[in-house]
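Asks: After the structure tokens below, expect a handful of questions from me.
The values are calculated or read from the model by the stated rules, or taken from the named source; none is laboratory data. On a predicted model such as this, the values are computed, not experimentally measured, just so you know. Backbone-built Cβ (ideal geometry, glycine too); neighbour counts: all protein chains shown.
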Amino acid sequence: MAEQVEQRHLVLILARSFASRLATPVWLVDAEGTVIYFNEAAEAVLARRFIEGPGMPASEWSTMFTPLDERGNLVPYERLPLGIAISEGRADHQDLDIKGADGVDRRIGVTAFPLFAHPGECLGALAIFWERPESA
Amino acid sequence: MRIRIWGSRGSIASPGLDTVRYGGNTSCVEVCLLDNSRLLLDAGTGARPLGIELMRDLPARIDLLLTHLHVDHVEGLGAFEPIWSPGIELHVWGPPSPVASLNERIATYFSPPLFPVHLSEVPASTVFHDATDRPWSIGSATVCSEPIMHQGQTVGYRIEDSDGAVLTYLTDHEPALASDLTTLPGEWISGFGLAAGADVLIHDCQYTPEEYRERVGFGHSSTEHAAAFAERTGVGRLVMFHHDPLHTDDALEAMRADVLERWKVEPERCLLAAEGTELHT
């Protein structure tokens, strides 16, 4: 019996494959901002395991880690690098303070960029991030 | 739906005594739909004998579905006799590119100095279409295409006729490069959605597992991958395709035995594409 699936676009399959081979933390979202994959290195920073499934919507993951800007203000999804990559179709970089699922505060740098298969067709976005040395 | 193989060799035509049983022509498959519409899948050197056959009762319209523009998939176009007939309407579908139209990219090959005539000079009426992610109709069939894992812009096709028969064509496909075919959910495997539950899957099977280890990233699959992909997608029949030009008929038969060893199904569900093979669904 065949599995019935809604196929991911090849660009997203390649992005996941690329991310899975990197030692740098990577976070992959679809065009709605739903996180559909993060790699083992990201698991270590976020203190959360990736589980196969329908994914976590932006409204959930964007608050789960309480991302704060340098003034200590909560950054809404739309102003996070991934939100900007999706909504504005451009790359963005920010330094953020987050709280991992283990309750530990971490300072991270995040760079996100949109994934276009064709001009005008944004399939999702990829964020790479890393712990900054001044982390608590 | 009637499916006939006119060329199943990969990379370069390989005529000779060692390839007589399965043939040496490069990729070309003819599909005749319920309403008698005629589709061609790729235009490798197998398009030359197919063109001769079609001239006996030339249809007014032919649809050519190109998976990609590597030479072994387009080199037969100039020798495809119907394009030299002014009465024919040839619709060419192929992967979209952000930098040049399908017409322009084919013309790179189909023009001097690589070919004596410009594509724009052929007598047939040619219409070029991007094969997009949205399904479209050709005759009695619905056609879907998706980008698949191979070097450069490459698509696979799923053709569903009005009686529900499904043919999936995934030549030049290396899904294992990005995904573990045995553990990852199907949504993360290249070509999975196109192939799921197809009656007939024509799939790349160029290498033995030992050969594949030396050719990772070349864009092709091994017997191990073809078997795993067929099993996961639950297809009715697998047609092993894109034979390596260095493989003799005997070598291909050993590869089929290897696939059957891995994909434990009735032998008639696993075929080696051979010139002249005709399948009905």
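Asks: Kindly indicate whether B:His220 is away from every other protein chain (no Cβ under 11 Å), touching a Ser or Thr at 6+ places or on another chain (Cβ under 6 Å) and in contact (Cβ under 8 Å) with a residue 60 or more places away in the chain. Show your work before the answer.
Replies: On the way: away from every other protein chain (no Cβ under 11 Å): yes; touching a Ser or Thr at 6+ places or on another chain (Cβ under 6 Å): no; in contact (Cβ under 8 Å) with a residue 60 or more places away in the chain: yes.
Criteria not met by B:His220.
Asks: Determine whether A:Ile84 is hydrophobic (A, V, I, L, M, F, W, C), surrounded by fewer than 16 Cβ atoms within 10 Å (Cβ to Cβ) and free of Cβ contacts under 8 Å to residues at least 40 places away in the same chain.
Replies: Numbers: hydrophobic (A, V, I, L, M, F, W, C): yes; surrounded by fewer than 16 Cβ atoms within 10 Å (Cβ to Cβ): no; free of Cβ contacts under 8 Å to residues at least 40 places away in the same chain: yes.
No; evaluated as a whole, the condition is false for this residue.
Asks: Go through region B:53-65 residue by residue and tally those that are within 19 Å of B:Ser8 (Cβ to Cβ) and touching a residue at least 60 places away in the same chain (Cβ under 8 Å). Can you show your working first?
Replies: First, pick out the residues of region B:53-65 that are within 19 Å of B:Ser8 (Cβ to Cβ): B:53-54, B:64-65.
If we keep only those that are touching a residue at least 60 places away in the same chain (Cβ under 8 Å) as well, we get B:65.
Adding up the residues that qualify gives 1.
Asks: Given the options A:Arg16, A:Arg8, A:Arg106, A:Arg48, name the one that is more than 11 Å from the chain's Cα centre (by Cα), in a strand (DSSP E or B), basic (Lys, Arg) and surrounded by 15 or more Cβ atoms within 10 Å (Cβ to Cβ). Steps first, answer last, please.
Replies: Working: A:Arg16 fails: in a strand (DSSP E or B); A:Arg8 fails: in a strand (DSSP E or B); A:Arg48 fails: in a strand (DSSP E or B).
None of the other options fit; the residue is A:Arg106.
Asks: For region B:84-123, which residues satisfy the criterion of being surrounded by 15 or more Cβ atoms within 10 Å (Cβ to Cβ), hydroxyl-bearing (Ser, Thr, Tyr) and in a helix (DSSP H, G or I)?
Replies: B:Tyr109
Asks: Look at region B:180-190 and say how many of its residues are surrounded by fewer than 21 Cβ atoms within 10 Å (Cβ to Cβ) and either touching a Leu at 6+ places or on another chain (Cβ under 9 Å) or not aliphatic (A, V, I, L, M) (or both).
Replies: The first filter runs over region B:180-190 and keeps only residues surrounded by fewer than 21 Cβ atoms within 10 Å (Cβ to Cβ), leaving B:180, B:182-185, B:187.
Still in the list and also either touching a Leu at 6+ places or on another chain (Cβ under 9 Å) or not aliphatic (A, V, I, L, M) (or both): B:180, B:182-183, B:185, B:187.
Residues meeting the conditions: 5.
Asks: Of the residues B:Leu201, B:Leu181, B:Leu194, which single one is aliphatic (A, V, I, L, M), assigned to a loop (DSSP other than H, G, I, E, B) and either under 15 Å from B:His242 (Cβ atoms) or in contact with a Lys or Arg (Cβ under 7 Å, 6 or more places away or on another chain) (or both)?
Replies: Numbers: B:Leu201 fails: assigned to a loop (DSSP other than H, G, I, E, B); B:Leu194 fails: assigned to a loop (DSSP other than H, G, I, E, B).
Residue meeting the stated conditions: B:Leu181.
Asks: Looking at region B:191-215, which of its residues are out of contact with any Leu (no Cβ under 6 Å at 6 or more places or on another chain), crowded, with 24+ Cβ neighbours inside 10 Å and either within 11 Å of chain A (Cβ to nearest Cβ) or of a type in the set (A, V, I, L, M) (or both)? Before you say what the answer is, go through the steps one by one.
Replies: First pass over region B:191-215, keeping only residues out of contact with any Leu (no Cβ under 6 Å at 6 or more places or on another chain): B:192-194, B:196-199, B:202, B:204-215.
After this cut, where a residue has to be crowded, with 24+ Cβ neighbours inside 10 Å as well, the list is B:192, B:194, B:198, B:202, B:204-207.
If the condition is that a residue be out of contact with any Leu (no Cβ under 6 Å at 6 or more places or on another chain), crowded, with 24+ Cβ neighbours inside 10 Å and either within 11 Å of chain A (Cβ to nearest Cβ) or of a type in the set (A, V, I, L, M) (or both), then B:Phe192, B:Leu194, B:Ala198, B:Ile202 are the ones that fit.
Asks: Something else: So, in region A:13-34, how many residues would count as being within 14 Å of chain B (Cβ to nearest Cβ) and in contact with a Gly (Cβ under 6 Å, 6 or more places away or on another chain)?
Replies: Total meeting the criteria: 3.
Asks: How many residues does region B:124-162 hold that are away from chain A (no Cβ under 13 Å), in a strand (DSSP E or B) and among the acidic types (Asp, Glu)?
Replies: 1
Asks: Filter region B:234-278 down to residues that are under 18 Å from the mean Cα position of the chain (by Cα) and within 14 Å of chain A (Cβ to nearest Cβ), then give me how many there are.
Replies: Total satisfying the criteria: 4.
Asks: Here's another thing I want to ask about it. Give the number of residues within region B:78-133 that are in contact with a Pro (Cβ under 8 Å, 6 or more places away or on another chain), among the hydroxyl-bearing types (Ser, Thr, Tyr) and in contact (Cβ under 8 Å) with a residue 40 or more places away in the chain.
Replies: Result for region B:78-133: 0.
Asks: Regarding A:Ser59, is this residue away from chain B (no Cβ under 14 Å), of a type in the set (S, T, N, Q) and surrounded by 14 or more Cβ atoms within 10 Å (Cβ to Cβ)?
Replies: Working: away from chain B (no Cβ under 14 Å): yes; of a type in the set (S, T, N, Q): yes; surrounded by 14 or more Cβ atoms within 10 Å (Cβ to Cβ): no.
The answer is no for A:Ser59.
Asks: Please tell me if A:Glu60 is charged (D, E, K, R) and not in a loop (DSSP other than H, G, I, E, B). Full working, then the answer.
Replies: Details: charged (D, E, K, R): yes; not in a loop (DSSP other than H, G, I, E, B): yes.
Judged against the criteria, A:Glu60 is a match.
Asks: Further question on the same structure: Regarding region B:184-192, can at least one residue be identified that is within 20 Å of B:Ser27 (Cβ to Cβ) and in contact with a strand residue (DSSP E or B) (Cβ under 9 Å, 6 or more places away or on another chain)? Quick ask: steps written out before the conclusion?
Replies: Kept after step one, since they are within 20 Å of B:Ser27 (Cβ to Cβ), are these residues of region B:184-192: B:190-191.
Filter once more, so that each one left must be in contact with a strand residue (DSSP E or B) (Cβ under 9 Å, 6 or more places away or on another chain): B:190-191.
Among the residues of region B:184-192, at least one is within 20 Å of B:Ser27 (Cβ to Cβ) and in contact with a strand residue (DSSP E or B) (Cβ under 9 Å, 6 or more places away or on another chain), which makes the answer yes.
Asks: Restricting the search to region B:134-156, which residues are under 15 Å from B:His91 (Cβ atoms) and without any contact (Cβ under 8 Å) to a residue 40 or more places away in the chain? Steps first, please.
Replies: Pass one, region B:134-156, residues under 15 Å from B:His91 (Cβ atoms): B:136-139, B:141, B:143, B:145.
Listed by number, the residues that qualify are B:Trp136, B:Ser137.
Asks: Taking the conditions exactly as written (surrounded by 14 or more Cβ atoms within 10 Å (Cβ to Cβ), under 30 Å from B:Val99 (Cα atoms) and either within 14 Å of another protein chain (Cβ to nearest Cβ) or at pLDDT 95 or above (or both)), does A:Arg79 satisfy them or not?
Replies: Details: surrounded by 14 or more Cβ atoms within 10 Å (Cβ to Cβ): yes; under 30 Å from B:Val99 (Cα atoms): no; either within 14 Å of another protein chain (Cβ to nearest Cβ) or at pLDDT 95 or above (or both): yes.
Considered against the rule, which asks whether it is surrounded by 14 or more Cβ atoms within 10 Å (Cβ to Cβ), under 30 Å from B:Val99 (Cα atoms) and either within 14 Å of another protein chain (Cβ to nearest Cβ) or at pLDDT 95 or above (or both), A:Arg79 comes out as no.
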